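These notes concern the structure reproduced below.
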Amino acid sequence: MASARQISGPCQAWPEDSAFIREVLDRIGDKWTVLIISTLSAGSLRYSDLQASIPGISQRMLTQTLKHLERDGLITRTAYAEVPPRVEYELTDLGRSLMDAVTAMAGWAATHHSEIASNRAASELTGVGRGRAPVSASAG
């Protein structure tokens, strides 16, 4: 009689908290989160400076991501009573603790982007999962 196959992986280590941990991973692994966290690593920035520093991010996505990061305690939002009003965003200690991981992910993407682009181009020609299987020596 065959025994049940033992499945391994990080989810096995957190059975009771796995849904929440997956939610946190979704937040910190999001491309806009990675870019905002890394952009704020140099210090506090105003909303408009953040938006100008992250090409392609919409106002809606920047606002939504900043609200989520503030809710999770990764950034602080400081509003100054000035005319016109000034708002600045800054990493918290918790947010700064993400810097090594965020920098590693962004660096990996920069290092491997051309290889991934080549793989995508090749996939366009063959289709994902449609590559020919090698012919065995005994076939024929």
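The values are calculated or read from the model by the stated rules, or taken from the named source; none is laboratory data. Keep in mind it's a predicted model, so treat the numbers as computed, not measured. Here the Cβ positions follow ideal geometry from the backbone for every residue, glycine too, while neighbour counts run over all protein chains shown.
For this structure, a couple of remarks:
- Looking only at the range 115-135, residues that are among the small types (Gly, Ala, Ser) and either at pLDDT 85 or above or in contact with a helix residue (DSSP H, G or I) (Cβ under 6 Å, 6 or more places away or on another chain) (or both) come to 5 in all.
- Counted residues, the range 88-112 - those being at pLDDT below 95 and in contact with a Ser or Thr (Cβ under 7 Å, 6 or more places away or on another chain): 4
- Residue selected from the range 106-123 under the condition under 19 Å from Asp30 (Cβ atoms) and of a type in the set (A, V, I, L, M), by the criterion surrounded by the most Cβ atoms within 10 Å (Cβ to Cβ): Ala106
- Scan of the range 5-38 for residues that are under 30 Å from Ser53 (Cβ atoms) and not in a helix (DSSP H, G or I), ordered by number: Asp30
- The residues of the range 92-105 that are under 16 Å from the mean Cα position of the chain (by Cα) and surrounded by 14 or more Cβ atoms within 10 Å (Cβ to Cβ), listed by number, are Gly95, Arg96, Leu98, Met99, Val102, Thr103, Met105.
- Across the range 39-89, the qualifying residues are those that are acidic (Asp, Glu) and assigned to a loop (DSSP other than H, G, I, E, B), and the one among them that is surrounded by the most Cβ atoms within 10 Å (Cβ to Cβ) is Asp72.
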